[in-house]
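K.L.:
The structure that follows is given in the form of structure tokens.
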Amino acid sequence: MDELGVDLLTMAGHKFHAPKGVGALFFRDGLRLEPFIHGAGHESGRRAGTESAMLTAALGVAASLSADLGPMEHVQALRDRFWAALKDAFGDQVVLNGHPERRLPNTLNVAFVGRVGAEILAAMPEVAASTGSACHSGRVELSPVLEAMGVATEVGMGAIRFSLGRTTTADEIDHVVTRLRRVLS
């Protein structure tokens with residue numbers, strides 16, 4: 001962590017196949033943190049509450065397994081195949097959010113021009129993905145992340161973020177493309 005210059009680093013367990021609801025916090029030696037939940041002095045006084053031993057153990061196992069799974073070329077190849085299939089199916093009606101090469105191998109963030117991402121996903125309840133917008137009081141707003149990336153509001157409203165994993169298959173990718181064709185036709 002010193003090499004990266006990291007002071008604080010959080011990890012959400014579900015991002016590397018641990019159960020939801022568990023994570024980890026790394027902080028640089030000498031960094032003093034104020035408690036974010038007051039009460040008992042767990043975690044050297046940083047928070048109150050009892051930790052879940054089972055979730056903590058599961059996080060450790062998931063981290064160990066993730067470290068041993070090797071490079072992500074397979075996942076990246078699926079992501080690229082997914083993007084090519086979307087471009088083939090929707091042409092100029094789908095755009096890539098983010099850099100075409102310098103991006104995570106497991107994430108594909110696209111926008112369907114003139115559409116609302118939340119409405120697309122609502123029509124495909126079997127597809128686990130997320131939108132680039134949030135709904136507040138019945139109004140859809142552009143994600144601050146997409147806004148910071150310079151994505152235009154009219155494009156960003158149609159954003160959907162697809163996350164792939166080591167267990168994602170080509171058949172699953174094909175299924176999503178087929179479902180999108182039906183929903184957007």
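Just so it is clear, none of the values below were taken in a lab; they were calculated from the coordinates. Everything numeric here is computed off the predicted structure, so don't read it as measured data. Quick reminder, even Gly has a Cβ in these numbers, built from the backbone with ideal geometry, and neighbours come from all protein chains shown.
K.L.:
Taking amide H positions as placed 1.01 Å from N in the peptide plane, with prolines and chain starts having none, which residues 5 or more places from residue 22, or on another chain, fall under 5 Å of its amide H?
P.N.:
13, 14
K.L.:
Given the options 29, 88, 171, which has the most mean-square fluctuation in a GNM of the chain, springs set between C-alpha atoms less than 10 angstrom apart?
P.N.:
29
K.L.:
For a quick check: with amide H placed at 1.01 Å from N, whose amide H comes under 5 Å from residue 107's, ignoring anything fewer than 5 positions away on the same chain?
P.N.:
Residues meeting the amide H criterion: 164.
K.L.:
Can you check what the Kirkwood hydrodynamic radius comes to for the chain, Cα pairs only, in Å to one decimal?
P.N.:
When all Cα pairs of the chain are included, the Kirkwood radius is 19.1 Å.
K.L.:
Which GluC sites (Glu not before Pro) does region 50-127 hold that lie in a coil by DSSP with at most 10 other beta carbons within 10 Å?
P.N.:
Here the sparse-neighbourhood loop sites are 101, 126.
K.L.:
Could you compute the net charge surrounding residue 3? Neighbours are other residues with a C-beta less than 15 Å from the C-beta of residue 3; K and R count +1, D and E count -1.
P.N.:
Net of charged neighbours comes to -2.
K.L.:
Calculate the FRET efficiency for residue 167 and residue 9 from the Cβ-Cβ distance with a Förster distance of 22 Å, rounded to the nearest 0.05.
P.N.:
On the way: r = 25 Å, r/R0 = 1.15.
That gives a FRET efficiency of 0.30.
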